[in-house]
Amino acid sequence: FTLTNYDRNETATNIEFTDNLSSVLPGLSIAAPLPTAPCGPGSVLTEESSVLKLSGGNLAPGASCSFPVLLGVPIQSNPGLYANTTSSVLATLAGSQIETAAATDSLFVAPVPLFTKSFSESLVAPGTSLTLDFSITNSSPTHSAWNIEFADPIGAIFPGITPPDTLPANHCVEGSALKFEPPIGLEPERIVLTDGHLLSGTTCNFAIELTIPDATPTGTYVNITDPITAVVDEAQVVGPPAVDDLGIVAAPKLQKSFEKQSAGPGELVNLSFTLTHAAEAPADANGIAFSDNLDAMLNGAVAEGLPLHHVCGTGSSVTGTDQLSMSG
């Protein structure tokens, strides 16, 4: 914003105007602290209910003031031209109140790709496998998006993360290449998409399976991609990065083993289960439960000698025949 006092003899005081941001584009919002005393001592810039207001401005004869206001454009905004017109400007000049014309300008929202990501679970234990789901939408209602590219430096927060056994063969972006890059120099493990193509108004979704490293400490990890880029209507456009967070918790860990590697038909063989809960876990684990489908391993395999009680704490039990169930 720029305000100028064109009077060569009189100081303009009590300058004020408003600008209704929501009338420009729903969801348009202030994205940084507002300037202090932007138009002379005693001037104040405030925002309430998406209405920006300058009050108490003062300008000497022939003087100007300029100040920026950083705005955040909503991610789901439709591409197009959005006009912004302030209120008229009020001021006191030579003892009289004057009213001058409003200021106007237009904001062009470019048709950038809309890009989101989400972990399939919000809380997992170290060593857990889960999927990372991606979604890309070409927001242009009239033009295809070409050369769609993004990189997700997943190894920056999970160093040594296990790469997927396979990547989605049909990751729904025609002609694109999807790959998992190992760490190179200072670059961490990355998920990279290149040469993507989406018709106007279309969306693609794909999921990648990952395994969290066993040694990952507990905490909340924020995963942010690089900005997504594309060519739309022969112009290079840059969209916001995708972001999601994942909580790592020190959950109980289950291990199982047969007492011997082979057994003949009709034999009995012990199957041992071990539950451990890390000493560094923030709290005790209660209500632990799991199941084990023996019939899925070998048709007709059944357990003998059940139920067992108090196997992992008072009140816990293991029950079942071909389907084992531990609870409590």
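A short reminder: the numbers here are calculations on the coordinates, not readings from a lab. Since we're looking at a predicted model, the values are computed, not measured. Backbone-built Cβ (ideal geometry, glycine too); neighbour counts: all protein chains shown.
If we count trypsin sites (Lys or Arg not before Pro) as exposed when they sit in a DSSP loop and have at most 13 other beta carbons within 10 Å, what is the longest stretch of the chain that avoids them all?
The longest such stretch corresponds to 9-259.
Can you compute the helix-only [θ] at 222 nm over the chain? Use -39500 (n - 2.57) per DSSP H run of at least 4 residues, normalise by all residues, nearest 500 deg cm²/dmol.
Details: 1 runs with 4 residues, N = 328.
That calculation yields 0 deg cm²/dmol at 222 nm.
May I ask for the net charge around Ile224, where only other residues with Cβ less than 10 Å from the Cβ of Ile224 are counted and Lys, Arg are +1 while Asp, Glu are -1? Don't skip to the answer; put the middle values down first.
Details: positive: Lys117; negative: Asp152, Asp226, Asp244, Asp245.
Residues close to Ile224 contribute a combined charge of -3.
Considering the chain, which cysteines have no disulfide-compatible partner, defined as another cysteine with its Cβ under 4.7 Å away?
Cys312
Expressed as a whole number of Å, what is the distance separating the alpha-carbon centroids of the range 187-211 and the range 239-257?
20
How big is the equivalent ellipsoid of the range 191-278 along its three axes, where each semi-axis is √(5λ) from the Cα gyration tensor, reported in whole Å from largest to smallest?
So the three semi-axes of the range 191-278 are 48, 20, 9 Å.
May I ask for log10 I(q)/I(0) of the range 48-185 at q = 0.19 Å⁻¹, from a Debye sum over the Cα atoms as equal point scatterers with solvent left out?
Values, matching the q order: -1.27.
Using the Kirkwood formula over every pair of different C-alpha atoms, what hydrodynamic radius in Å results for the range 109-242?
15.4
Taking the alpha-carbon set of the range 176-236, what are its Rg and Dmax in Å?
Every Cα atom of the range 176-236 included, Rg and Dmax give 15.5, 47 Å.
Taking the alpha-carbon centroid of each part, what is the distance from the range 1-49 to the range 92-112 in angstrom?
Comparing the Cα centres of the range 1-49 and the range 92-112, I get a distance of 9 Å.
Could you work out the equivalent-ellipsoid semi-axes for the chain, taking the square root of 5 times each eigenvalue of the Cα gyration tensor, largest first, in whole Å?
62, 26, 16
According to a simple spin-label model (label point 7 Å from Cα along Cα-to-Cβ), what is the distance in nm between Gln76 and Val192?
If labels sit at Val192 and Gln76, their model points lie 3.4 nm apart.
Rounded to the nearest Å, what's the spacing between the alpha carbon centres of the range 122-176 and the range 286-325? Just the number, please.
38
In a Gaussian network model over the chain where Cα atoms closer than 10 Å are linked, find which of Phe273, Phe158, Phe180 has the largest mean-square fluctuation.
Judging by the Gaussian network model, the answer is Phe273.
Can you compute the radius of gyration and Dmax for the range 39-126, using only the Cα atoms, both in Å?
Taking only Cα atoms of the range 39-126, I get Rg and Dmax of 20.8, 72 Å.
Using a cut-off of 29 Å between alpha-carbon atoms, which lysines can reach Lys117, once sequence neighbours fewer than 8 places away in the same chain are excluded?
The qualifying lysines are Lys179, Lys253.
Running a GNM on the chain with Cα contacts under 10 Å, which residue among Ser88, Ser96, Ser129 ends up with the highest mean-square fluctuation?
Answer for the Gaussian network model of the chain: Ser96.
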